[in-house]
């Protein structure tokens, strides 16, 4: 798991463009324009707290009734600008689509999740820095939750600085018996590590990793089997495989669950 790129243009302009381009009903549009001053202040507050990594302290404006309904109508997964935003957020600097959910790194992106829920904060229903690529499983588990009285419940992969040190580990007993676990061996900031633990726990990631591990193990088995036909000894083969997954680790991060699993299997001496 690692940080992902955030929308880089002006978020308020994105909101205004949707208001101007997608609403045909005069009364709805007039209602939205009437609240433009409050929306502008709310976006400035969001950006300020986002930049300070302090969204925990943000307060909802309190829009309700017709005001809330019209703000919520702005968001639709079928709206052209939202579809384009999803494409932009899941395309890397090499113009390649990275369509894996960043919250779990297991399933495919299905939609854009509102980090701060739109029902509580309708003013941010189309705020692009509040919209995060997400799979249907993570979206359903997260629901309207985002914080409790003490802390954020989920990592914000735009603004939280994801540690470069390893915190995800695999305890290997055998090729079919192993468990994923979180350990703060590198003394990551305790508050951040609590959020990491909450994120992994509420999205049930450790169990989901385990359930999806068979394919990873099968690929490793195949790589080793084929490699033994190409290398004349296991020492060279083991070095080749470790180098391969070290390259993958540079791309996907030190806490990518597939990399962590393979490296744990190789270090366990089950294969070599």
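Per-structure values
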read-out: Given (1) surrounded by 16 or more Cβ atoms within 10 Å (Cβ to Cβ); (2) modelled with pLDDT under 95, number of the condition residue 205 does not satisfy; value: (2)
read-out: Every residue from region 125-152 that is surrounded by fewer than 17 Cβ atoms within 10 Å (Cβ to Cβ), closer than 28 Å to residue 67 by Cβ and touching a helix residue (DSSP H, G or I) at 6+ places or on another chain (Cβ under 8 Å); value: 145, 147
read-out: Residue check for residue 79: in contact with a strand residue (DSSP E or B) (Cβ under 7 Å, 6 or more places away or on another chain), at pLDDT below 95 and assigned by TED's automatic domain parsing to the domain that holds residue 48; value: no
read-out: Residue match in region 223-231 (condition: surrounded by fewer than 18 Cβ atoms within 10 Å (Cβ to Cβ) and within 30 Å of residue 141 (Cα to Cα)); value: no
read-out: Residues within region 208-230 that are touching a residue at least 12 places away in the same chain (Cβ under 8 Å) and part of a helix (DSSP H, G or I), tallied; value: 10
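The values are calculated or read from the model by the stated rules, or taken from the named source; none is laboratory data. In this text the structure is predicted, and so the values were computed from the model without any measurement. Neighbour counts are summed over all protein chains in view; Cβ atoms, including those assigned to glycine, are modelled from backbone coordinates with ideal geometry.
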